[in-house]
Amino acid sequence: LSELVADAEKEGQQNAGQQSGSGSGTQDPDQNQSGQIPQDPPPLYAESGKLYRYDALYNKNPDLVGWIYIPGTDRNYPVMQTPEDEEYYLHRNFYKKKANAGTPFLDKDSELEDPNSRIMVYGHNLKSGGMFHPFTKYTKQSYWKKYPTFTFDTLYETRTYRIVAVVQLDLTEVGHFGYYAHDHFSSAASYNGFIQQAKEAALYD
């Protein structure tokens, strides 16, 4: 699937008359000749209005709502959402076939187009090291310092998130941080309160 996304992006670049090749030399890649940090190229959109890289994949399965990339790994995964049966992809792959590993998915209360909505992505932590297992590396502060952000795109925009808290919970423990109870932030105060609770429950600062 990640190869399909990469191929679609290349096709979009070709259709837009863009070149994606890289140069060589000793120039600092974070700066151009004028000494300024270059801006990311504008996103490529298909006629449908969706990001070109995800348009064809969406046509294969309209349950697709986004894409997540785990930094420092080769993990690129589609993210699905089926509000009428939110755990549909718990043990199904992108093509709706039975698969123990499942496919990352959003719960029914996550609203990607609402800036005040909490977004919750579920994925298995497999003993084999598959799926979301690499996220367990964030229990070490050294790993967070190396990879303090991750990307989660919607079908319409690229998004980069800064990790502000790494939390491990025993949901049977009385008084645990009830992150799942927050599905919408009605004010800046409620949002900041949630962040503060997360930081208080975090493994490290």
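Assuming 0.36 nm per residue, please report the length gained on full extension of the stretch residue 84 to residue 13 beyond their Cα-Cα distance.
Computed gain between residue 84 and residue 13 is 21.9 nm.
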- [ ] Tell me which residues come under 5 Å, amide H to amide H, from residue 92 once H is placed; ignore anything under 5 positions away on its chain.
- [x] 99, 102, 103
Task: J(HN,Hα) series, the range 151-158, from Karplus relation 6.51 cos²θ - 1.76 cosθ + 1.60, nearest Hz, glycine and proline x - done: 10, 9, 8, 8, 6, 10, 7, 8
Task: Karplus 3J(HN,Hα) series, Hz, for the range 139-146 with 6.51 cos²θ - 1.76 cosθ + 1.60 (x for Gly, Pro) - done: 5, 9, 4, 4, 6, 4, 4, 7
Task: Residue (of 165, 76, 119) at the positive-pole extreme of the range 64-205, dipole from beta-carbon charges - done: 76
- [ ] With the Cα gyration tensor of the range 66-148 in hand, convert its eigenvalues to equivalent ellipsoid semi-axes via √(5λ) and list them largest first in whole Å.
- [x] 23, 18, 10
TODO: Could you tell me what percent of the accessible area of the chain is made up of carbon and sulfur, with a 1.4 Å probe and every protein chain present?
DONE: 47
Task: Linear extension gain, residue 48 paired with residue 73, 0.36 nm per residue minus alpha-carbon span - done: 5.9 nm
Open item on the list: Over the chain, with the other protein chains present, what is the accessible area per residue in square angstrom, probe 1.4 angstrom?
Closed with: 65
Open item on the list: Let's see if you can work this out: charge +1 on each Lys and Arg Cβ, -1 on each Asp and Glu Cβ, no other charges. What is the dipole magnitude of the range 43-125 about its Cα centre, in debye to the nearest 20?
Closed with: 480
Open item on the list: Give the aspartates and glutamates whose C-alpha is closer than 15 Å to that of residue 140, dropping any in the same chain fewer than 8 places away, or say none.
Closed with: 205
TODO: Report, by chain and number, residues whose modeled amide H sits under 5 Å from the one on residue 166, excluding near sequence neighbours (fewer than 5 apart, same chain).
DONE: 203, 204
Open item on the list: At 222 nm, what value in deg cm²/dmol follows for the chain if DSSP H runs of at least 4 each add -39500 (n - 2.57) and the sum is divided by all its residues, to the nearest 500?
Closed with: -6500 deg cm²/dmol
TODO: Treating only the Cβ atoms of Lys and Arg (+1) and Asp and Glu (-1) as charged, compute the dipole magnitude of the chain about its Cα centre; round to the nearest 20 debye.
DONE: 700
- [ ] Pull up the cross-link candidates among the lysines for residue 50, meaning alpha carbon to alpha carbon under 21 Å and not fewer than 8 places away within one chain.
- [x] 10, 60
Open item on the list: Using amide H atoms built in the peptide plane, which far-off residues or other-chain residues are under 5 Å from residue 79 H to H?
Closed with: 65, 66, 67, 68
Open item on the list: Could you derive backbone 3J(HN,Hα) for the range 72-81 from the dihedral phi with the Karplus parameters 6.51, -1.76 and 1.60 (θ = phi - 60°), listing whole Hz in sequence and x where the residue is Gly or Pro?
Closed with: x, 9, 9, 8, 10, 9, x, 10, 10, 8
Task: Magnitude of the charge dipole, the range 56-176, Cβ model with Lys/Arg +1 and Asp/Glu -1, debye to 20 - done: 780
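What number in nm² do you get for the chain if you take the convex hull of its Cα atoms and divide its surface by four?
Over every viewing direction, the Cα hull of the chain projects on average to 15.0 nm².
The values are calculated or read from the model by the stated rules, or taken from the named source; none is laboratory data. Nothing here was measured: the structure is a model prediction, and the numbers come from that model. Heads up, the Cβs are rebuilt from the backbone with ideal geometry, glycines too, and the neighbour counts pull from every protein chain shown. Side chains included, ligands, DNA and RNA excluded: accessible areas come from the protein's heavy atoms. Shrake-Rupley method; radii C 1.70, N 1.55, O 1.52, S 1.80 Å.
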